[in-house]
Amino acid sequence: MTQKAIIIPELSDFPKLAPCPVSGHQWGDGLLVRTPNWLGDAVMTFPALAMLKKSLPATCGLFIACPKGLAPLFDEMEEAGQVIPLENAHAFPNASERYTFRELHPGATLLFNNSFRDAIALKLLGSRHLYGVKARHRSFLLKSKWSLPKRRNKVLNPYHQACVYLAMAKALGAGDWDGSMPHFHFREKESMQKDPEFAQIFQSNRPLLAVAPGAAYGDAKRWDSSRFRAVAEWWIHEQHGCVFAVGNASESAIAEEVLRGLASDRIFQLAGKTTMKQLMILLQQADCCLANDSGTMHLAA
């Protein structure tokens, strides 16, 4: 499937982490990656995952353990092998998850989160070599001894989070980032094109603006609805385009407020009406996305 060309911003200023390369038989059956719990942070692992997949032997899989809500994201990723959705990402794995982890036989496990609980759980479940940054007193469980500067509030911290993940991948033996990003199946696209809820979006030959006016942390991180509305109105009248709003069910009232009174044949209120996979496909269709600092913003980018 042809994907729209994307412009990858230059990422520079990577932390220097001590090399701890994995090679040959050390990979076992593959690499297990425990993702961050938030959508935006999970998206920022994409460049590192692309480079890690390139570094794995052909016979080894890239296994992903993630919160259940993020599993559809990685299910669509061509580079990902088995995806382990965690029913409760803030608890020890349940019986079914423990069985799956034991059956994987990864030679290496990379922790993109800072959890002590996950480190000890995966160690007990057979992960021979754990890699991650030193955090929350878990250093004795890790094969790596990577340290990062302590995060400071209310200042610009030195490293983009995507650069941190890429540095961890490089320390394991992956190459320098070459601009690669993972590829996605978008398997539901054909069925969405036939669904009355979404069909008009795919059939439109007008420029498409996606708006995501909600924010996980509430009004403190949210641009005012009137400003979203002003841009949506400008897009419809000056760009002769269409606008669709996305978000979760709790953000549907905000989406309706943004779209209220605009030309009914040019707007689509989809907040609370999409799955993660459908959201990915809709964002792929959009020409532009206007969003607060949110997981949807990172996913759109």
* Asked: Can you name the residue in region 146-163 that is polar (S, T, N, Q) and open to solvent by less than 80 Å² (accessible area, probe 1.4 Å) and, of all such residues, is nearest to Pro47 (Cα to Cα)?
  -> Gln161
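Name the residue, out of Ala199, Ala169, Ala121, that is surrounded by fewer than 18 Cβ atoms within 10 Å (Cβ to Cβ) and either at negative phi or more than 21 Å from the chain's Cα centre (by Cα) (or both).
Just one listed residue meets the conditions, Ala199.
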* To do: Consider only pairs whose beta carbons are under 8 Å apart and that are at least six residues apart or on different chains; among these, list those whose first residue lies in region 131-144 and is farther than 19 Å from Val22 by Cα and whose second residue is part of a helix (DSSP H, G or I) and of a type in the set (A, V, I, L, M, F, W, C).
  => Ala135/Phe116; Arg136/Phe116; His137/Phe116; Arg138/Phe116; Arg138/Ala119; Arg138/Ile120
* Among the residues of region 102-114, write down those that are open to solvent by less than 60 Å² (accessible area, probe 1.4 Å) and either free of Cβ contacts under 8 Å to residues at least 40 places away in the same chain or within 22 Å of Lys54 (Cβ to Cβ) (or both). => Leu104, Pro106, Gly107, Ala108, Thr109, Leu110, Leu111, Phe112
* Checking Ala245 against (1) over 19 Å from the mean Cα position of the chain (by Cα); (2) of a type in the set (Gly, Ala, Ser); (3) under 24 Å from Met192 (Cβ atoms); (4) open to solvent by 40 Å² or more (accessible area, probe 1.4 Å), which single condition isn't satisfied? -> (4)
* Among the residues of region 89-100, how many are open to solvent by less than 90 Å² (accessible area, probe 1.4 Å) and within 22 Å of the chain's Cα centre (by Cα)? -> 4
* Failed item, numbered, when Ser294 is tested on (1) farther than 20 Å from Pro196 by Cβ; (2) at pLDDT 95 or above; (3) open to solvent by less than 70 Å² (accessible area, probe 1.4 Å) -> (2)
* **Members of region 157-166 found to be outside any helix (DSSP H, G or I) and touching a Leu at 6+ places or on another chain (Cβ under 8 Å), listed by number** => Tyr159, His160
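The values are calculated or read from the model by the stated rules, or taken from the named source; none is laboratory data. Values in this document were obtained by computation on a predicted structure and should not be read as measured data. For neighbour counting, all protein chains shown are included, and Cβ atoms are generated from backbone atoms with ideal geometry for every residue, glycine included. Note: areas computed on protein heavy atoms with side chains; ligands, DNA, RNA excluded. Shrake-Rupley method; radii C 1.70, N 1.55, O 1.52, S 1.80 Å.
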